């Protein structure tokens, strides 16, 4: 049970023969180095996935306007800069930054997930019915 909360327990005998216990690990907020690397890599992977998706014309197919693309790319750049400039980040910091990026991207990915409506080209029957609806003023 204790091992679940403390990653490493360091025991030291002090000069007065008292046993002191110092805990290192998740309670301090730093997390395990493998967990830190994984959280950092998850953020990097999300940034790369967003950049790849937004810049791929086949995936976008006219569903996003220029403003959505700019918002996406600027958010990715901001998070990349944060990754490069932040040296003492905790696991919670990486998780929060990833969540912020996901929150920014949610409406944009929602647009990408909705299928495009297929609009058939106008046919002569459509024009024919409009002619009868509007009369000769249509021509």
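The values are calculated or read from the model by the stated rules, or taken from the named source; none is laboratory data. Remember, predicted model here, so these are calculated numbers, not experimental data. Using ideal geometry, Cβ is built from the backbone for each residue, glycine included, and neighbour counts are taken over all protein chains shown.
Please specify each residue of segment 92-118 satisfying the condition of being more than 10 Å from the chain's Cα centre (by Cα) and closer than 19 Å to residue 34 by Cβ.
Listed by number, the residues that qualify are 92, 93, 94, 95.
Would you tally the residues in segment 56-84 being closer than 30 Å to residue 37 by Cβ and not in a loop (DSSP other than H, G, I, E, B)?
15
For residue 89, which of the numbered conditions (1) in a helix (DSSP H, G or I); (2) in contact with a helix residue (DSSP H, G or I) (Cβ under 9 Å, 6 or more places away or on another chain); (3) closer than 30 Å to residue 33 by Cβ fails to hold?
Residue 89 satisfies every listed condition except (1).
Out of all the residues in segment 31-51, which are modelled with pLDDT of 95 or more and either touching a strand residue (DSSP E or B) at 6+ places or on another chain (Cβ under 6 Å) or farther than 14 Å from residue 98 by Cα (or both)?
Listed by number, the list holds a single entry, 51.
If a residue has to be over 21 Å from residue 70 (Cβ atoms) and at pLDDT 95 or above to count, how many in segment 99-127 make the cut?
Looking only at that region, the number is 1.
When the residues of segment 57-82 are filtered to those that are under 17 Å from the mean Cα position of the chain (by Cα) and without any contact (Cβ under 8 Å) to a residue 12 or more places away in the chain, which remaining residue is farthest from residue 43 (Cα to Cα)?
Once the filter is applied, the top-ranked residue is 70.
In segment 31-63, how many residues are farther than 30 Å from residue 87 by Cα and in contact with a helix residue (DSSP H, G or I) (Cβ under 6 Å, 6 or more places away or on another chain)?
2
Looking at segment 129-136, can you tell me whether even one residue there is at positive phi, more than 37 Å from the chain's Cα centre (by Cα) and either modelled with pLDDT under 90 or not in a helix (DSSP H, G or I) (or both)?
yes
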